[in-house]
Amino acid sequence: MLALLLVVDSLSTFATWRSQWSRLEPSLADASTWRLPLLNPRGLGYLVAVAAAVGAAALSRWGDRRPGLGEITPAGDRAPGRLPLNTTAALAVLAHLSALAMVTVEVYAQGVIRDWGTGTSLAVTLTWTLFATAGLVVGIYYRSAELRILSLALFGVTTLKVFLYDVWRLDTTIRVFAFVGLGVALMVVSFLYRRFRQRIRAWIVPLTLLAALPLAGVAQPSRALGQESPEAEASRILLRRLRHRWPLQTSAADDSDAVLRITLPPDLYGIAQANLADLRILTEGEDGEDAKQIPYVLVRPSDQSQTTERAAPLFDLSQRGDDTEFLLDLSKAVEPVNQLRIEVDDKDRNYERSLHVFGANRRDAQAWNLLTDKGYLLDVTRPGRRLTVATVKFPQSRFPYYKIVIHNDGEKPLNIKGAKLLDHTQARAPRSEHRPEIVSQKQQAKEKQTVVVFDLTHERLPTVGLRVDVTFDEDYYRPVTLEVADPLGEDPLGKDVRWRRVASGQFYRLSRRGVQAEQTHLFYGEAAGRYLRLTIADGDDRPLTIDGCVVEEIEKYVAVRKAALDDVDGTVALYAGAPGLSAPRYDLARTLGDVSARELPELQLGPREANPLFRGPEPPVVPWSEQNKAMLWALTIGGVVILGLLTILLLRQAAKVSRQ
């Protein structure tokens, strides 16, 4: 069972450790416990397994000997329940393989943690070589044929790994070093096996003691040396990676258990990552000491809407003078409604009609309650484009009967196919409004369009709506498109700018019977960018003049507990600006609950400032082979020389044996 668990854990480490480490690394306090070789949760588990296998093998060996003689008890004389003869060897093999799995997994894990790259494979190869050499020496000392066979087998596996794997994946320089090192190791082991079998038994014990002393020093906990806690170290490292900060102002909330809201400032989006993964709330002492992370929850509100259709049969459709009238019956289930949607025959095109909506408690009521006189039906059809307005809004009401009067104003009556009553509810997320600057406004005569470029003054600012200020003294109808981009060159309309379309629609103003229908607003899904380009299709009409616009941003915020802020000393600030930093994972996200619908006290932020402790991005890790090219070539040449000398020595010894 133990062997099966070790095999499963080893395979799991090779398959998933790289992805697991990518999730552990952002929470540096947790990741620091894995940086110590062997003295980490996985390594300690392997050490226990190896110790258990070694202990079982020792007990089995002791149980198979007669007292004082050191001889193996014959099977016929062994007491009932005594382990069989080959159990000791099997347990010793298990201990050997467990130790091999332990060092292999730990070397691979450390290579992933320290980003050795291709050096990880080389480290595994060198580890197997050293392990096989040590196993062979120990096998000679204890006269264990099983251990010597296992060591020779590991040499064979290492050789196959070098030829079948390392040769294809390692850099050329490291590949040469791996081949030479393996060759030297094989020659040295062969020489030792033939020549110094007896001497090895004499000095193996002192070497074992010397090797144990450094391990005893490593085992000392870091806290005993007066080092800072892993949490403080992790926070201090974060402080040096984040480029900008926004100091937090004092909260006016009295309740220590209160949850506070920190709205993200618009200038943060151009500094933070696009997914806001590098946001941190940190407190720092003098010179960045005693740093601490403050848990937070990032809240991304969104608009919520729901529309319920009410069954209301249409009847009494008729023409009365110049008006079209009909009734809607909601008497079977009087429910709240606030919208009317009229279905007009698709063959009717290019019409404008104003209408009134009335409500009453009786079908034959003498007096009807006016709900709205601002309703209108609209259809504007152009080649390739069509605008239709068929929904009328009015105050929410609960009348059993509704009367609709459509004013034709001398035009041909519309062919009404049906109508529906709706109950539409919408919860709009809190918004901030920004007034951009107009970078350029040009009429392009050839394309018959007007192009206006706006500068939002903040990089990657996410917006969801645009409302323009139009100067025009007549009714108009113009198709429009809206695009977004981040960088602009010297020419805001240059062809090199990569614009992304985010919305299309119509701007119009129509006045009939005292009712003015106007649309100068575009709504769209959240789009991030500093510049907006509005293209207005003028056709052969006089161009519109845009005096300005307002853009809408849905406010994102972070929620924190006031108690976490009160329990710190020093400066507290919101930090951002660390490319590649992963998002944190706090328990607060699972314990705080949904705060998007709650009214939270606002915690104000100060103006942005540069982080005085910022040290810039860490330099890329250069492989050891690149840092020490001269030493690597010296070792390679030295290895070749040693390999040649050992070959000559072995050949001379073989010649002497043949002459004898």
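The values are calculated or read from the model by the stated rules, or taken from the named source; none is laboratory data. Just so we're clear, the structure is a prediction, and the values are computed from it rather than from any experiment. Cβ placement follows ideal geometry from the backbone for every residue including glycine, while neighbour counts extend to all protein chains displayed. Surface accessibility is based on the protein's heavy atoms, side chains included, excluding ligands, DNA and RNA. Shrake-Rupley method; radii C 1.70, N 1.55, O 1.52, S 1.80 Å.
The stretch between ARG310 and GLN249 holds 16.9 nm of extra length on full extension. This uses 0.36 nm per residue minus the Cα-Cα distance. Ranking LEU264, ASN275, ALA311 by Cα position along the charge dipole of the range 247-362, where only Lys, Arg, Asp and Glu carry charges on their C-beta atoms, puts ALA311 farthest toward the positive end. Report note on the peptides 99-107, 343-351: ranked by the mean count of other C-beta atoms within 10 Å, highest first, their order is 99-107, 343-351.
Quote the FRET efficiency, to the nearest 0.05, computed for ALA153 versus ALA90 with a Förster distance R0 of 22 Å and r equal to the Cβ-Cβ distance.
That pair, ALA153 with ALA90, gives E of 0.85.
Bridgeable lysines around LYS562 (alpha carbons under 19 Å apart, same-chain partners fewer than 8 residues away excluded): LYS292.
If you roll a 1.4 Å probe over the heavy atoms of the protein chains, what accessible area per residue do you get for the range 501-560, in Å²? The partial results should precede the final answer.
Details: 2370 Å² over 60 residues.
Per residue, the range 501-560 has 40 Å² of solvent-accessible surface.
For a paramagnetic label modelled on ASP329 (point 7 Å from Cα along Cα→Cβ), amide N atoms under 11 Å away are absent within the range 379-404.
Shape class of the range 399-491 from the Cα gyration tensor (axes a ≥ b ≥ c, square roots of the eigenvalues): oblate, since a/c reaches 1.5 or more and a/b does not exceed b/c.
Between ASP587 and ASP409, the modelled label-to-label distance comes to 6.7 nm, taking each label 7 Å out from Cα in the direction of the beta carbon. Spin-label model, ASP469 to ALA367: label points 7 Å out along the Cα-to-beta-carbon direction sit 4.4 nm apart. Electrostatic tally near VAL259: other residues with Cβ closer than 9 Å to its Cβ, Lys and Arg +1, Asp and Glu -1, net +3. Applying 1/(1 + (r/R0)^6) with R0 = 30 Å to the Cβ-Cβ distance of ARG35 and ASP567 gives a FRET efficiency near 0.60. Structural descriptor for the range 396-477: relative contact order 17 percent, calculated from alpha carbon pairs under 8 angstrom and at least 6 residues apart.
Legend: distances between Cα atoms for LYS412/LYS448; LYS347/LYS374; LYS347/LYS412; pairs beyond 23 Å are LYS412/LYS448; LYS347/LYS374. Placing a label point 7 Å from the Cα of SER302 along the Cα-to-Cβ line, the residues of the range 448-471 whose backbone N sits under 18 Å from it are 462-465. In straight-distance terms, cross-link reach from LYS446 covers every one of the lysines whose alpha-carbon lies under 30 Å from its own, apart from those fewer than eight places away in the same chain; here that gives LYS495.
Relative to the Cα centre, the charge distribution of the range 369-524, modelled as +1 at Lys and Arg Cβ and -1 at Asp and Glu Cβ, gives a dipole magnitude of about 820 debye.
What order, most packed first, do the peptides 573-582, 416-425 have when packing is the mean number of other Cβ atoms within 10 Å of each residue? Kindly include the intermediate steps, with their values, before the conclusion.
On the way: 573-582: 20.1, 416-425: 16.2.
The densest-packed peptide leads the list: 573-582, 416-425.
For the pair THR457 and ASN338, the difference between a 0.36 nm per residue extended length and the Cα-Cα distance amounts to 38.9 nm. From most to least packed by mean Cβ count within 10 Å, the peptides 601-610, 450-459 give 450-459, 601-610.
Within the range 318-382, what whole-number % of the accessible surface is contributed by carbon and sulfur, with the 1.4 Å probe and all protein chains included in the calculation? Its accessible area is 41 percent carbon and sulfur atoms.
Given 0.36 nm per residue, what is the gain on full extension from ALA134 to TYR524 after removing their alpha carbon distance, in nm?
Working: separation 390, 0.36 × 390 = 140.40 nm, distance 6.85 nm.
Stretched fully, the ALA134-TYR524 segment lengthens by 133.5 nm.
Cα to Cα, under 18 Å, and not fewer than 8 places away if on the same chain: which lysines meet these conditions relative to LYS556? Within the straight-line cut-off, LYS556 pairs with nothing.
The simple spin-label model puts a point 7 Å past each Cα toward its Cβ; for GLU609 and ALA258 those points are separated by 2.4 nm.
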